[in-house]
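A quick write-up on the structure given underneath.
Derivation of every value follows stated rules applied to the coordinates shown; laboratory data play no part. All figures in this text were calculated on a predicted structure; none of them were measured in a lab. Methodologically, a virtual Cβ is constructed for each residue, glycine included, from the backbone with ideal geometry; neighbour enumeration extends over all protein chains shown.
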Amino acid sequence: RTCIEGQRDHALLSFLYNTGARIQEALDVCPGAIRFDAPACVRLFGKGRKERICPLWPETIALLKALLRRQPRADDEPLFVNRYGVTLGSSGIRFKLAQYVNAAAQAVPTLSSKNVTPHSFRHAAAVHLIAAGVDVTVIRSWLGHVSLDTTNHYAQANLDTKRAALEQLDHGSKTVSKPPRWKRDEHLLAWLDSL
């Protein structure tokens, strides 16, 4: 993060996770679309030029301000640019992200088997919002989904993960002779099956 390129990439990846933005939505962002004062937010244009407002965390705002101090941009100029001031392309971001994942895999070898893409940040944002108890209609608006069915896929993935974790706990216990309490709760099982 000491060089401008690393600082830009850090700000962009943080922005992707914070907003759940599609990569092209993030690359199109100009400083004029960002409200830096509280309540901080950004105006994004999604598919079909549909506009939505996403909140920005103080940490993300700090990274964006620092980037703009080091590499000033006019209100109508794209924020994430290369060293020549040209807007980054999504393929370039995918290439850079692959480099970062490879470097991180040196410390965390399991990363080498993962397929990490810019869309992974969008997925992670959605799943973490669901895990935090945010209503799916709010998440739909946050991500710019047209249909609530699209957002519900993230909820289902999260529930499947939780169910798998519970089953792992069940298999790890050799001393328990009867099924775990949650498997004996008919109301809970019926509710899980209804999802």
query: Roughly speaking, what is the centre-to-centre gap between segment 111-126 and segment 56-83 when only Cα atoms are used, to the nearest Å?
result: 23 Å
message: Just to be sure I understand the curve: with the Debye formula and one point per C-alpha of segment 1-97, what is log10 I(q)/I(0) at q = 0.14, 0.20, 0.22 Å⁻¹?
response: -0.45, -0.98, -1.22
field: Label point distance in nm, F95-L189, each placed 7 Å from Cα along Cα→Cβ
entry: 5.5 nm
- prompt: What's the local net charge at W142, with K and R +1, D and E -1, over the other residues with C-beta under 11 Å away?
  reply: +2
- line: Among L13, C54, V108, the residue whose Cα sits farthest towards the positive end of the charge dipole of segment 1-113, when +1 is placed on the Cβ of each Lys and Arg and -1 on the Cβ of each Asp and Glu, is V108
